[in-house]
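> Once you've had a glance at the structure underneath, I'll fire off some questions.
The values are calculated or read from the model by the stated rules, or taken from the named source; none is laboratory data. A quick note: this is a predicted structure, and the numbers were derived from the prediction, not measured. Counting neighbours? That spans all protein chains shown, and the Cβs are built from the backbone with ideal geometry, glycine included.
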């Protein structure tokens, strides 16, 4: 019999209300759990002793909280919601849009689903099986499909409308898992498309060209940071463990100060948005009460390790000590540690552990292979081997070598400084502008930009549009459009 169970609770899109998290943590504390972790797919993880598990299961079922034990049959939906507004403000994608997408998921996905803003680099784009990426066209998304156990990614031929993401994802999942249609680049992509669209109608537009992704740059996501008139707080733990006592105080303070959401990041950290200036002292008190440090070095924050194991975390800390001693430059890079063959981590530099000698399930001696992605872009699916069969003692120096290779290459490609390494762009409220908005799908007509889909050039006033003008997204008539005032958010 197992002494301990690993319990997983999905937090869709990495969003959880303080009240819901408080309920889960209270039940966990009653089962003698003292700390929890957050996974790379923005889920909540905890280890529970088998004698206490049956009581915790009963409590979770009473509160209708879904969970899994020692399995990951239903991967969490992950998203870039955690970085929205604090690191950047999208052209059209706002926090409310993520909630709209989630509202249309009426099932538990068995495939990994990613929801990403195309203008950010804080969360991964292609680690899912179904990767939805916001397009330049408002309320429409690219879809990149990666079959299970495959490194092949292909683009869906259509842009998918926000309200149809959940329905289309379900149809793709049924075709790939139940009908066993697994595209491999040899024509099955068309078979999958036909199976998903046959007898079903979706709001789509043709996908023209590939998605344009930004150059990777990991923002510093820890500590107190201002945005507009408020602050956000990033919380990282070196051992990835968050004490339940601390998190319960965080939940209580969120509820007391009217903060409605806590965000989990793919870096196994937390972000709390919307902290008012008058409440900063209360947050500092909670951090001090639990002795929480919130200013770690940036090169320590740029790591991804596997869930359910401490092995990768220990190796990360071993290498970071070398970085600190030798003042290694890691700006522009992120690192992944893979200690299990079939696990997946996100990184521009990947460390793969493998047994040199193995007897059954027992690995007697481990060595490390070192890889880097195409152009050092962590979203690339192409890996190049740098060194193989390294002993642990030699690994940090070889990673330092690879970091120097990256820096030298970057200087050759761009000798002029592209941007500051320390200054983070801060979203600020700009001018208020009047536009006309469709009440059905919320598509906006702005005189400054016109409507390319309807071949209406920039500068044409809404009142001068022909009477038969209709919404380019849902075909609502011009007469239904409403005049609204929107605040323009700009990155200064």
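Yes/no per residue for (1) at pLDDT 95 or above; (2) assigned to a loop (DSSP other than H, G, I, E, B); (3) within 23 Å of residue 272 (Cβ to Cβ):
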| site | (1), (2), (3) |
| --- | --- |
| 42 | yes, yes, yes |
| 45 | yes, no, yes |
| 54 | no, no, no |
| 66 | yes, yes, no |
| 71 | no, yes, no |
| 82 | yes, no, yes |
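> Would it be correct to say that residue 25 is farther than 28 Å from residue 336 by Cβ and either touching a strand residue (DSSP E or B) at 6+ places or on another chain (Cβ under 6 Å) or buried (at least 17 other Cβ atoms within 10 Å of the Cβ) (or both)?
Yes: the conditions hold for residue 25.
> Continuing with this model, one more query. Can you name the condition, by its number, that residue 210 falls short on among (1) in contact with a strand residue (DSSP E or B) (Cβ under 9 Å, 6 or more places away or on another chain); (2) surrounded by 14 or more Cβ atoms within 10 Å (Cβ to Cβ)?
Result: residue 210 fails condition (2) only.
> State yes or no: is residue 142 closer than 28 Å to residue 334 by Cβ, in contact (Cβ under 8 Å) with a residue 60 or more places away in the chain and either buried (at least 22 other Cβ atoms within 10 Å of the Cβ) or not assigned by TED's automatic domain parsing to the domain that holds residue 451 (or both)?
So residue 142 fits the description; yes.
Conditions (1) modelled with pLDDT of 95 or more; (2) surrounded by fewer than 19 Cβ atoms within 10 Å (Cβ to Cβ); (3) in the same structural domain as residue 227 (by TED's automatic domain parsing), marked per residue:
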position	(1), (2), (3)
260	yes, yes, yes
267	yes, no, yes
272	yes, no, yes
286	yes, yes, yes
331	no, yes, no
339	no, no, no
348	yes, no, no
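> Next up: Please enumerate the residues belonging to the stretch 1-21 that are within 23 Å of the chain's Cα centre (by Cα) and surrounded by fewer than 18 Cβ atoms within 10 Å (Cβ to Cβ).
6, 17, 19, 20
> Working carefully through the options 414, 380, find the one that is under 30 Å from residue 86 (Cβ atoms), at pLDDT below 95 and exposed (fewer than 15 other Cβ atoms within 10 Å of the Cβ).
On inspection, the qualifying residue turns out to be 414.
> Going by the conditions given, is residue 152 more than 30 Å from residue 449 (Cα to Cα) and without any contact (Cβ under 8 Å) to a residue 12 or more places away in the chain?
No.
> Shifting gears a bit: Specify which of the listed residues (61, 32) is touching a helix residue (DSSP H, G or I) at 6+ places or on another chain (Cβ under 7 Å) and not in a strand (DSSP E or B).
On inspection, the qualifying residue turns out to be 32.
> Further question on the same structure: Within the stretch 45-82, can you find the residues that are surrounded by 19 or more Cβ atoms within 10 Å (Cβ to Cβ) and closer than 18 Å to residue 128 by Cα?
75, 76, 77, 78, 79, 80, 81, 82
> Kindly check whether there is at least one residue in the stretch 418-435 that is closer than 26 Å to residue 84 by Cα and at pLDDT 75 or above.
yes
> For the stretch 165-187, what are the residues that are assigned to a helix (DSSP H, G or I), surrounded by fewer than 16 Cβ atoms within 10 Å (Cβ to Cβ) and without any contact (Cβ under 8 Å) to a residue 40 or more places away in the chain?
Matches in the stretch 165-187: 174, 178.
> Every residue in the stretch 103-119 that is within 10 Å of the chain's Cα centre (by Cα) and not in a strand (DSSP E or B), please.
117, the sole residue that qualifies.
> When the stretch 239-261 is examined, which residues are found to be within 20 Å of the chain's Cα centre (by Cα) and at negative phi?
241, 242, 260, 261
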